[in-house]
Structures are given as C-alpha cells and as structure tokens.
Amino acid sequence: MRDASRTMVVLAGCVVVMSVSCALARTSYKRVDVYTTARDTNDRLTPHNPLTFQFLPQPDESHPAIMLDPSKTFQVIEGFGGALTDAAAETYYRMPEKSRREILNAYFNPETGIGYSLCRTHINSCDFSSEGYAYADVPGDTNLEHFSIEHDRQFRIPFIKEALAVSGNGFKLFASPWSPPAWMKTNNDMLHGGVLRPECRQTWADYFVRFIRAYEKEGIPIWGVTVQNEPMAVQRWESCIFSASDERDFVRDYLGPTFERSGLSKAAIIIWDHNRGIMYQRAKTVYDDGRASKYVWGMAFHWYVGDHFDNVRLVHDAYPDKKLLFTEGTPGSFDGERLADWQWGETYARSMFNDLNNWAVGWVDWNVILNERGGPNHTGNYCMATVIADTATGTITYTNSYYYIGHFSKFIRPGARRIVCSSNLDDFLATAFLNPDETVAVVVMNPKDRPVKFRVWIDGKAAAATSPARSIMTLVLKP
C-alpha cells in the first residue's frame with residue numbers, strides 16, 4: 001500500500017511537471033527586472049534598469065552563473081510573514097495613526113509593501129504579552145463554560161483585522177499555544193514548563209476548537225495550528241513539555257479526532273514547532289504511526305540551536321508527503337545601539353535560502369513589530385525585531401532584515417513552485433521560483449565585501465548582472 005501510494009504521487013508529479021513544461025514551451029523570457037538592497041548604498045528593494053538576454057548556448061565553467069530550469073519543479077509555497085503577537089499589536093496601537101498606516105502598508109500591501117501572506121499568532125499569552133492570561137482561567141472548567149477571548153479584543157484582534165484589510169486578498173494565519181491554562185498542567189503554572197495533565201487532554205483539544213471558532217466569529221479565519229510552541233523547552237515564560245510520544249498520542253487520540261468531529265478537518269495540524277536539531281526524531285515518532293500521521297499536515301521548526309539545515313531535507317526525503325514550515329526566528333536580544341548592523345538581514349536570508357532549498361514551503365519571522373525596548377514582554381525576554389517602533393517619538397526603524405525578507409516575500413507569491421536553481425559559486429546563495437503568473441523570481445545574496453559579476457542563464461540564453469558587495473538581489477524574469 002505504501003509503495004502504491006508513492007507511485008500515485010510520482011505519477012501525479014509527472015502530470016504536474018508535464019503541464020508546467022508545456023506551459024514553459026510557450027513562455028519565452030525576454031527581460032529581467034532587478035531589485036537590490038546593498039550595504040553602504042541607499043538601495044533598499046530599489047528597482048534598477050531591466051536586463052536583457054543574449055544568446056549563450058553553453059555557460060562557462062569559469063564565469064559565475066545562476067542556471068535555471070523551470071521545467072523541474074519542487075515544493076509549492078504557502079507564504080512568508082511574521083508573528084502578530086500581543087506585543088506587536090500593543091506597540092502598533094501606541095504609535096501615531098500615520099505611523100500605523102505606514103507599518104501596515106509596509107508589511108501587508110503587496111504593491112507598496114512586501115506583501116506578507118502567511119502569519120502566526122498565539123493561543124493564550126506568550127512571553128511577548130504584557131501579562132499572563134488564559135481564555136479559561138477557572139480551575140476545573142472542563143466544559144469551558146467560562147471560555148472567552150475578550151482579552152484579545154483590546155489590541156490583537158483589531159490589529160489582525162486591520163492587517164487583513166490592507167493585504168487585499170488576506171493572508172493565511174496559524175496559531176500556536178505557549179501553554180494551556182495553569183489548572184490543566186502538572187505544575188499548576190503557565191510558566192516554567194510542566195506537562196498537560198492526562199485527564200485534561202480532551203478539554204485541551206476542545207480548547208483549540210473554541211479558539212478557532214471564536215476567531216472565526218471575529219472575521220479572522222485560522223488556517224492551522226501548531227500543537228505546542230517549543231515543546232522541549234522549560235522556560236521562565238509560558239511553556240509546556242510534550243515528548244515526541246506525548247505529542248503523537250495527543251494528536252492521534254484527541255486533537256485530530258476532535259477537529260474531525262468539529263468540522264475542522266481542513267485546518268492544518270502542525271507538529272514540533274521547535275529547533276532543527278532533533279526534528280527527524282520527532283517526525284519519525286509521529287509519522288510512523290499511521291493513525292496519528294493521517295491528521296498531520298506537516299512540521300514546524302525554529303533556528304535557535306545550530307543550523308542543521310540537512311535535517312530539514314532529511315525529514316522531507318523520509319516523508320515527502322508532509323510539509324515543512326519555518327515558524328520562528330529572531331537574531332538575538334534587543335540592542336538599540338546596533339539596529340543599523342548589516343548582519344541582521346544576512347542572518348535571516350542565510351536561513352531562508354537554506355530552508356527553502358531544503359523543501360520548506362514557507363518562512364515566518366517572529367514579532368513583526370516591537371517597541372523601543374524590544375518588548376513589551378512580561379518576563380523581560382526583550383528581543384530584536386525586523387521593525388522597531390519608538391512609542392515615545394513615533395519613529396519607525398526598519399532594520400535591513402525587513403528588506404532582506406522582502407526580497408523573498410514580495411516576489412515569491414503563494415502558489416509559486418521552487419525550480420532548479422544551480423550556482424557555480426560556493427558563497428553566492430541563490431534560489432528561484434516559478435510564480436502562478438509564469439514570472440520567475442530569482443533571489444541571490446552576495447555576502448562578500450566585493451561585487452560579483454554573474455550571469456542568469458536559462459534555455460540557451462543569459463543576462464549579465466552585477467551583485468554589489470554585501471547585497472541581496474531579486475531578479476524577476478518576465479515574458
């Protein structure tokens with residue numbers, strides 16, 4: 001049965017590749033639009049003169065080249081975005097109205113901004129909340145009679161609604177719990193780890209459904225959920241431990257069946273939501289159990305302990321029918337004196353290139369906005385963010401991370417397929433995607449302190465380009 005299933009997948013893949021190839025047979029790319037962000041310049045997602053193609057049947061081994069083959073396609077992109085936390089929402093509403101409009105357009109407008117299309121929020125409080133809270137705080141309320149999302153109506157729900165309105169066609173939103181209510185846990189505390197009480201497993205599964213339905217009533221659809229944020233970390237903030245077998249059993253016996261009974265079968269259930277290091281072991285434990293695996297859309301992962309990019313590919317290779325999604329990363333503790341450092345964007349991009357080239361279907365930053373302290377955060381865990389908003393002065397600081405992420409999110413749209421993108425430069429990172437409108441978006445990063453001349457080669461022709469020192473570029477091939 002397993003071999004037959006894989007054969008069907010391969011056959012379906014052949015149909016897709018054949019249809020893409022046929023479409024490309026009719027597509028002749030004539031020009032390349034160029035957008036650049038570079039250190040020591042004013043270029044920030046800046047458009048430059050388009051490039052044209054010249055006949056070149058054979059690339060030169062000694063000349064740097066990015067070689068493309070859109071007839072070979074891989075994963076389909078869900079989107080790019082960031083986390084819409086309590087901290088982000090509260091910071092947003094403490095800014096002047098003009099600044100608020102600017103922030104929303106910068107992130108969510110696909111024309112004038114970077115077009116975020118996949119975002120994350122949280123169930124109950126997280127560290128980036130001004131206080132700890134749960135939606136059902138009455139101990140023993142197993143029927144959730146006191147369940148209420150009233151807390152979120154002050155900042156977070158209005159913020160998400162405004163973002164959805166600016167985005168035009170909306171964006172996918174998934175939610176992650178940092179902790180169940182204290183009374184559902186063995187340590188009677190939302191903080192400092194603890195474990196979900198066995199007798200509360202069904203109530204906790206029901207809690208997910210109540211959250212999704214409550215947000216739906218507010219006009220905010222929830223695309224999916226992760227089972228637990230960072231399930232192997234005992235933190236001084238909201239946290240809860242799920243071993244691999246605990247997560248498997250909860251999904252198999254409670255969360256999956258509860259979603260099914262509640263008409264939420266289409267909601268994505270996503271496991272792990274922690275670092276890349278042991279993600280294969282988590283995948284194996286859940287996916288090798290067919291009764292659990294059938295409920296799981298895929299696996300989420302973070303970047304905080306080592307790179308381990310190969311582990312992302314290994315999970316895909318072993319379980320190619322399951323999706324992979326990067327769901328959180330921030331480059332470090334808040335440092336207001338270093339907001340202009342160029343390393344921030346390069347850190348993001350290095351992860352994005354490697355995760356996407358190893359089969360991730362999307363990439364989601366941590367807080368979209370934080371204040372001038374890197375908060376608010378009720379446990380003092382102040383962090384960097386892509387955009388820092390000074391609530392005292394109304395000043396908005398776009399770190400270069402915003403532009404580096406934008407080189408992906410603005411030009412690689414939901415539904416895009418990764419294509420063959422082969423580079424003959426070891427330090428010249430590159431990836432490429434075929435968009436639904438048949439444009440090809442190629443993103444390249446030059447981390448060197450000198451410019452690099454290279455060619456973009458496709459189907460017997462090439463366009464010559466120059467990547468400035470310490471830069472990222474997006475090249476959009478158009479018919």
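The values are calculated or read from the model by the stated rules, or taken from the named source; none is laboratory data. Not measured: the values here are computed from a predicted model. Please note: Cβ atoms are built from the backbone with ideal geometry, for glycine as well, and neighbour counts cover all protein chains shown.
Yes or no: the range 130-145 includes at least one residue that is surrounded by fewer than 21 Cβ atoms within 10 Å (Cβ to Cβ), modelled with pLDDT under 95 and in a loop (DSSP other than H, G, I, E, B).
Checked against the condition, which is being surrounded by fewer than 21 Cβ atoms within 10 Å (Cβ to Cβ), modelled with pLDDT under 95 and in a loop (DSSP other than H, G, I, E, B), the range 130-145 yields no hits at all.
Considering each of ASN371, ASN381 in turn, give the residue that is surrounded by fewer than 22 Cβ atoms within 10 Å (Cβ to Cβ), out of contact with any Cys (no Cβ under 8 Å at 6 or more places or on another chain) and of a type in the set (S, T, N, Q).
From the options ASN371, ASN381, the qualifying one is ASN381.
Out of the residues in the range 415-450 meeting the condition of being part of a strand (DSSP E or B) and polar (S, T, N, Q), tell me which one is surrounded by the most Cβ atoms within 10 Å (Cβ to Cβ).
Ranking the candidates gives ASN446 first.
Is the range 356-378 home to any residue that is outside any loop (DSSP other than H, G, I, E, B), of a type in the set (S, T, N, Q) and either under 26 Å from ARG470 (Cβ atoms) or modelled with pLDDT under 95 (or both)?
Yes, the range 356-378 has at least one match.
Quick one: which helices (runs of 4 or more DSSP H) sit completely within the range 243-291 and have at least 3 residues that are within 23 Å of GLY362 (Cα to Cα) and aliphatic (A, V, I, L, M)?
In the range 243-291, the matching helices (runs of 4 or more DSSP H) lie at 279-287.
Tell me whether the range 151-169 contains one or more residues that are over 18 Å from GLU230 (Cα atoms), hydroxyl-bearing (Ser, Thr, Tyr), over 25 Å from the mean Cα position of the chain (by Cα) and assigned by TED's automatic domain parsing to the domain that holds ASN367.
There is no residue in the range 151-169 that is over 18 Å from GLU230 (Cα atoms), hydroxyl-bearing (Ser, Thr, Tyr), over 25 Å from the mean Cα position of the chain (by Cα) and assigned by TED's automatic domain parsing to the domain that holds ASN367.
If a residue must be in a strand (DSSP E or B), under 18 Å from ALA233 (Cα atoms) and of a type outside the set (A, V, I, L, M, F, W, C), how many such residues does the range 292-315 contain?
Within the range 292-315, residues that are in a strand (DSSP E or B), under 18 Å from ALA233 (Cα atoms) and of a type outside the set (A, V, I, L, M, F, W, C) number 1.
Just to verify a result, which residue in the range 271-305, among those that are among the β-branched types (Val, Ile, Thr) and either buried (at least 23 other Cβ atoms within 10 Å of the Cβ) or free of Cβ contacts under 8 Å to residues at least 12 places away in the same chain (or both), is nearest to ASN229 (Cα to Cα)?
Checking each candidate, the answer is ILE271.
Taking the range 32-73 as the search range and keeping residues that are aromatic (Phe, Trp, Tyr) and crowded, with 17+ Cβ neighbours inside 10 Å, which one is nearest to the chain's Cα centre (by Cα)?
Of everything passing the filter in the range 32-73, TYR35 is nearest to the chain's Cα centre (by Cα).
From the list GLY336, GLY329, which one is in contact with a Lys or Arg (Cβ under 9 Å, 6 or more places away or on another chain) and more than 21 Å from VAL209 (Cα to Cα)?
GLY336
Which of the residues spanning the range 259-315 are in contact with a helix residue (DSSP H, G or I) (Cβ under 8 Å, 6 or more places away or on another chain) and among the hydroxyl-bearing types (Ser, Thr, Tyr)?
Passing the criteria: SER262, SER265, TYR280, THR285, TYR287, SER293, TYR295.
Determine whether ASP355 is over 23 Å from ARG236 (Cβ atoms), in contact (Cβ under 8 Å) with a residue 40 or more places away in the chain, surrounded by 19 or more Cβ atoms within 10 Å (Cβ to Cβ) and charged (D, E, K, R).
Considered against the rule, which asks whether it is over 23 Å from ARG236 (Cβ atoms), in contact (Cβ under 8 Å) with a residue 40 or more places away in the chain, surrounded by 19 or more Cβ atoms within 10 Å (Cβ to Cβ) and charged (D, E, K, R), ASP355 comes out as yes.
Looking at ILE412, ILE472 in this structure, which one is surrounded by 23 or more Cβ atoms within 10 Å (Cβ to Cβ), in contact with a helix residue (DSSP H, G or I) (Cβ under 6 Å, 6 or more places away or on another chain), farther than 17 Å from LYS30 by Cα and in contact (Cβ under 8 Å) with a residue 24 or more places away in the chain?
ILE472
Pick from the range 172-202 the residues that are in a helix (DSSP H, G or I) and out of contact with any Leu (no Cβ under 7 Å at 6 or more places or on another chain): which of them is nearest to THR258 (Cα to Cα)?
GLN202
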